[in-house]
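Read through the structure below, which is laid out as structure tokens, and then see the notes.
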Amino acid sequence: MDVATGMVDVAEVAARVRENIQKVIVGKTEVINLTLVAVLCEGHILFEDVPGIGKTTLAKALARSLGCSFRRIQFTPDLLPSDVTGISYFNQKTQEFEFRPGPIMAQVVLADEINRATPRTQSALLEAMQERQVTVDLDTWPLPRPFIVLATQNPIELEGTFPLPEAQIDRFLMRLAIGYPSVEEEDAMLLRFERSDPLETLQPVTDAEQILALQRQVRTVRVEASVRRYIVSIARATRGYEGITLGVSPRGTLALYHTAQAWAALQGREFVIPDDVKFLAPYVLTHRVLIDPQARLRGRQPHELVADIVDTVPVPVEQ
């Protein structure tokens with residue numbers, strides 16, 4: 001397949017998936033596009049937003065549009081790691097131990113209110129998110145591909161929650177917020193759900209095999225040396241910037257690189273431009289930086305510091 005033709009294929013399939021999801025989700029084109037970027041990178045998303053915005057609906061619509069299996073895990077303080085990964089039990093009939101897979105053994109997994117589970121249970125996701133496998137009683141089981149975790153947490157209600165450790169937050173490709181709909185969008189939503197739920201009749205527009213092929217194709221998007229250095233410069237600038245105590249890890253640099261490739265492919269391009277990097281940096285890097293207490297007392301927020309860094313790093317120009 002020609003590279004340019006491949007990028008058109010990525011854009012066309014993504015457009016079909018986006019239009020299909022928007023049969024259920026009114027508007028929110030940018031959020032859906034960023035979710036598709038995560039799918040093309042086989043990365044994970046942390047949705048930080050208030051309840052009732054449509055996070056669960058988006059996850060279900062995505063899974064159905066991709067023709068992928070879907071499971072939802074409601075994280076609670078009494079949830080055990082085995083409730084996520086599965087258990088090995090002794091079958092009395094066969095007189096052998098057998099593996100009973102947990103809900104993590106799906107292609108699209110919604111980890112609802114992930115910060116309500118204990119750190120021990122949260123850590124059960126680490127191996128799955130990073131290595132696409134789970135280990136139960138010394139046996140390792142591969143996860144189905146593609147595999148994406150869509151985790152949610154409520155930024156307002158913090159009572160009875162366990163903050164995610166930095167190591168786990170770093171596993172998320174992006175952190176997104178869906179946000180409230182506009183007046184027109186909310187009015188259209190009422191009409192759309194007036195008589196029935198469109199999610200119940202939503203049909204797939206692609207399948208897992210095609211998604212895996214597109215993921216491989218996205219990795220062929222060209223990134224010129226100057227743009228590559230631009231990505232590295234932004235990531236490195238976070239590590240010594242005033243007000244930031246913990247900068248972006250190399251995993252974050254890779255995340256920005258691969259999401260820029262996917263975003264370019266969504267636009268039908270076979271190359272990355274600096275504007276792709278500038279657009280994605282807030283979504284990919286903000287949750288990976290830790291600001292110091294003095295900066296927080298001054299009212300500084302991580303997204304503001306990342307925006308300042310992006311504005312100060314010189315943008316490569318065509319010679």
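What the table below lists for this structure:
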read-out	value
Candidates Phe162, Phe172, Phe147, Phe193 - the one that is more than 26 Å from Val289 (Cα to Cα) and aromatic (Phe, Trp, Tyr)	Phe193
Flag if Ala295 is touching a strand residue (DSSP E or B) at 6+ places or on another chain (Cβ under 8 Å), among the hydrophobic types (A, V, I, L, M, F, W, C), free of Cβ contacts under 8 Å to residues at least 60 places away in the same chain and not in a loop (DSSP other than H, G, I, E, B)	yes
Which listed residue, of Val284, Val248, Val306, is surrounded by 17 or more Cβ atoms within 10 Å (Cβ to Cβ) and outside any helix (DSSP H, G or I)	Val248
Wholly enclosed strands (runs of 3 or more DSSP E) of segment 60-155 bearing at least 3 residues more than 26 Å from Val24 (Cβ to Cβ)	86-91, 96-101, 133-136, 139-142
First in segment 235-264 and touching a residue at least 40 places away in the same chain (Cβ under 8 Å) and under 14 Å from Val221 (Cα atoms), second anywhere and buried (at least 23 other Cβ atoms within 10 Å of the Cβ) and among the polar types (S, T, N, Q), Cβ under 6 Å, 6 or more apart	none
Matching option when the condition is modelled with pLDDT under 95 and either touching an Asp or Glu at 6+ places or on another chain (Cβ under 7 Å) or closer than 26 Å to Ala307 by Cβ (or both), among Ala213, Ala260, Ala237, Ala208	Ala237
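For every residue, the table says whether it meets (1) of a type outside the set (A, V, I, L, M); (2) crowded, with 19+ Cβ neighbours inside 10 Å; (3) within 23 Å of the chain's Cα centre (by Cα); (4) modelled with pLDDT under 85.
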residue	(1), (2), (3), (4)
Gln92	yes, no, no, yes
Gln95	yes, no, no, yes
Leu110	no, yes, yes, no
Thr118	yes, no, yes, no
Trp141	yes, no, yes, no
Arg145	yes, no, yes, no
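The values are calculated or read from the model by the stated rules, or taken from the named source; none is laboratory data. Predicted model only: the values in this text are computed from it and were never measured. All Cβ positions, glycine included, derive from the backbone under ideal geometry; neighbour counts span all protein chains shown.
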